[in-house]
Each structure stands twice: as C-alpha cells, then as structure tokens.
Amino acid sequence: MKFVDEYRDPRLAAGLARAIRETVTRPWTIMEICGGQTHSIMKFGIDQLLPPEIELLHGPGCPVCVTPLEILDKAIAIASRPEVIFCSFGDMLRVPGSATDLLSAKAAGADVRIVYSPLDAVKIAQANPEKQVVFLAVGFETTAPANAMAVYQASRAGLGNFSVLVSHVLVPPAIEAILSSPGNRVQAFLAAGHVCTVMGYLEYEPIAAKYRTPIVVTGFEPADILQGIYMCVRQLEEGRAEVENQYARSVRREGNIPAQDLIKKVFEIRPRKWRGIGEIPASGLGLREEFAAYDAERRFELTAAGVEESSVCISGLILQGRQKPPDCPAFGTICTPERPLGATMVSSEGACAAYYRYGRLRTGEAKA
Ligand code: SF4
C-alpha cells in the first residue's frame with residue numbers, strides 16, 4: 001500500500017537503526033507524544049532496535065486515555081435519558097466511567113450509536129426531530145475541526161436538537177507541563193504528525209527554545225519513528241534544540257489554516273482536566289458563548305461530580321514519562337485491557353495496553 005509499505009521496509013529500518021547507533025555517544029531520553037506512536041513502537045519492536053543509550057518514554061497523547069472519568073459519567077447519564085440518541089466513536093463505548101460504560105448503558109436500553117463522523121450525528125438529529133441527539137466530542141487537535149464543523153452546520157441549519165459533550169485537549173500545553181514538572185526526564189520529543197497536520201508546528205518553536213528541548217514532528221510507521229528518533233539524537237548530540245519536521249509528506253509549518261480557522265470560530269481555549277494528570281491551564285477547548293446552545297453540559301444541566309481514580313494506578317506518572325507500565329503492581333494482574341483500572345489501560349493506544357498486548361512484561365525487557 002502506497003505511503004505505508006515503503007515506511008515498513010525492514011532494510012530502511014535497519015539502516016536508520018544503524019545510523020542512530022553510529023551517532024549516539026551517551027544516554028538520551030526521548031518521549032513519543034502520541035499513543036499511536038507508542039502502539040507502533042511496541043508492535044514493530046522499534047525499542048528493541050535501539051542502542052541501550054536511547055530510552056523511550058510514552059507520552060499523554062492517547063485521547064481515550066486522558067478523557068476524565070467525570071466526562072464518561074456525564075456521557076452515560078445523558079445517554080440513559082429516554083429522549084436522547086447518544087452518538088460516539090466506537091473506541092469510547094467500552095471505556096469505563098466510575099460505575100459503568102456506554103456499552104453497558106446501551107445493553108440496558110439506552111439509544112447509543114457508533115458513528116464514524118460527527119457529521120453523521122448531525123444527520124441523525126435532522127432525521128429524528130423528536131429526539132435530542134448528543135455527540136461525544138473528545139480528542140486532540142486532530143478531531144477538533146470535524147467536531148467544530150458539526151456544531152457549525154447544526155447552527156447554520158438551526159438544529160435545536162443537537163449538542164456536543166466536549167472534552168478536547170491540546171498538545172503544546174501538555175508538553176510544557178511535562179517539561180516544567182520537577183521530576184521531568186524528557187530530553188527530546190517526537191511530536192504527533194497528525195496533530196501537526198492540522199495545527200502546523202509554529203507553536204512548538206517557542207517551547208523548544210524556552211526549554212532547550214528538540215522537538216521532531218514525526219509520523220507513525222516504523223521508518224518514520226526511527227527517523228524521528230535519529231533526528232532527535234542528532235540534535236541532542238550537536239547541542240541543538242530546534243523543531244524539525246520528519247513528517248513532511250503531511251505537515252507544513254503553518255498547518256491547515258482553514259481547519260484552524262474553523263476551530264477558532266467554534267471553540268475557545270479553556271483549562272482542561274486530563275485523566276491521570278489533573279488540570280492543565282489552557283490545555284483544552286470549549287464551545288464559544290455564541291455556540292453555547294450546542295453545549296450538552298448546559299442543555300442537560302450537568303454538574304461535575306468528584307470521582308476517585310484507583311489508588312494503585314500510576315497512569316498519571318506514566319503519562320508524564322516518569323514511570324513505565326511494568327512499574328505498576330497492578331499491571332497484568334488486577335489491571336488488564338478487559339478490566340482496566342486506569343487511564344493507560346483503557347485504550348489500545350494507551351501505554352499499559354500496548355505493553356500488555358505486545359508482551360512487554362518487565363521494565364528493561366524491551367532491550368533484552
Ligand atoms: S497497569 Fe492499570 S493500574 Fe497500573 S498504571 Fe496502568 S492503567 Fe493504571
């Protein structure tokens with residue numbers, strides 16, 4: 001398949017791994033931001049190709065993982081109302097809230113539907129004027145344009161029975177939160193190629209300069225990730241701290257301007273709570289006041305309830321790169337993908353789920 005097979009070429013990967021080995025002279029710690037990159041690293045054994053000097057840490061870029069329990073509880077409460085058709089991407093249905101999940105609510109009779117686009121939810125609202133149709137709008141900057149378009153179209157059509165439950169998060173504030181935390185170990189980042197396809201990488205440049213930390217915009221296939229690591233290692237070894245673009249086949253420095261304009265038209269920046277981490281200032285999106293009529297939290301007058309995470313779960317430390325899944329005593333014992341206790345086991349893109357799926361059971365095993 002074009003744009004996939006050539007980036008999975010074993011000879012290309014071996015050449016990049018050799019280039020990394022020939023460049024590195026001392027230990028470096030690099031974080032991949034995106035859960036999709038973590039998944040690729042585990043699936044293709046990329047960590048096992050690296051020299052022992054390179055340690056990979058797994059970042060907070062799994063949107064399912066960082067969606068707070070409170071949002072899931074609100075989603076389930078809304079979905080359980082008889083007048084509601086609740087629409088979501090499929091990966092959110094099995095994510096447990098504090099007591100149950102959307103799939104169980106559906107089994108109990110709630111009208112919960114999987115859609116492939118928020119615009120499908122708008123069409124469902126148009127076809128069911130007697131119902132309230134709610135879409136669960138979660139994710140990073142990648143999904144924000146389509147969610148903004150759904151709200152914008154509903155507004156243009158004067159749809160009174162459509163709303164969105166929003167839990168959007170933004171990558172740059174999370175990078176700053178990690179870099180400014182007292183226990184930070186990250187010395188370079190692989191930024192997420194799909195996020196930068198929308199947003200570009202202008203906003204990463206002041207962060208790289210302020211924290212003297214290389215940031216390389218990187219794709220998701222094995223050769224992409226190895227090349228991104230190689231570009232980070234070269235910067236680190238040469239004492240540079242710049243933003244570079246490995247994923248040039250998709251990302252431009254300024255990003256997708258029409259998509260950014262649409263996001264700005266519908267959403268504004270807000271503080272946002274990240275599951276496992278807590279609130280990060282200016283790290284999320286909420287609907288602008290002029291679109292408040294489409295805010296499901298207002299429409300259904302929901303208030304936030306305090307929800308406790310499992311006391312054994314260290315997913316917050318994992319999402320900040322301070323620990324790894326096998327460091328958790330619950331990993332693979334009382335916490336599994338079938339019965340997740342915490343944020344990083346709930347989605348296949350979460351670090352705990354990726355380690356579990358690809359059999360990385362002990363710290364250090366990756367390089368054995
Ligand atoms: S294994 Fe489970 S309990 Fe442990 S950190 Fe991961 S998600 Fe949390």
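Quick notes on this structure:
- Of the criteria (1) buried (at least 20 other Cβ atoms within 10 Å of the Cβ); (2) out of contact with any Leu (no Cβ under 6 Å at 6 or more places or on another chain), which one E83 fails: (1)
- Residue-level check: of (1) farther than 24 Å from G193 by Cα; (2) at pLDDT 90 or above, I41 misses just (1).
- Any hit, the stretch 75-89, residues being part of a helix (DSSP H, G or I) and not aliphatic (A, V, I, L, M): no
- Only helices (runs of 4 or more DSSP H) whose full extent lies in the stretch 254-340 are considered here, and the ones with at least 3 residues that are away from the ligand (no atom under 16 Å from the Cβ) and loosely packed, with under 15 Cβ neighbours inside 10 Å are 257-266.
- Comparison of S250, S167, S163 shows that the only residue that is in a strand (DSSP E or B) and either surrounded by fewer than 24 Cβ atoms within 10 Å (Cβ to Cβ) or within 19 Å of the chain's Cα centre (by Cα) (or both) is S167.
- Taking the listed residues G139, G183, G193, the one that is within 30 Å of P337 (Cβ to Cβ), at pLDDT below 95 and buried (at least 19 other Cβ atoms within 10 Å of the Cβ) is G139, with no other qualifying.
- Conditions (1) within 24 Å of the chain's Cα centre (by Cα); (2) outside any helix (DSSP H, G or I); (3) not basic (K, R); number of the one not met by T25: (1)
- The set of residues from the stretch 123-152 being closer than 14 Å to D295 by Cα, without any contact (Cβ under 8 Å) to a residue 60 or more places away in the chain and over 24 Å from the mean Cα position of the chain (by Cα) comprises just one member, V133.
The values are calculated or read from the model by the stated rules, or taken from the named source; none is laboratory data. This one's a predicted model, so the numbers in the text were calculated from it and none came from an experiment. All Cβ positions, even for glycine, are placed from backbone atoms using ideal geometry, and neighbour counts span all protein chains on display.
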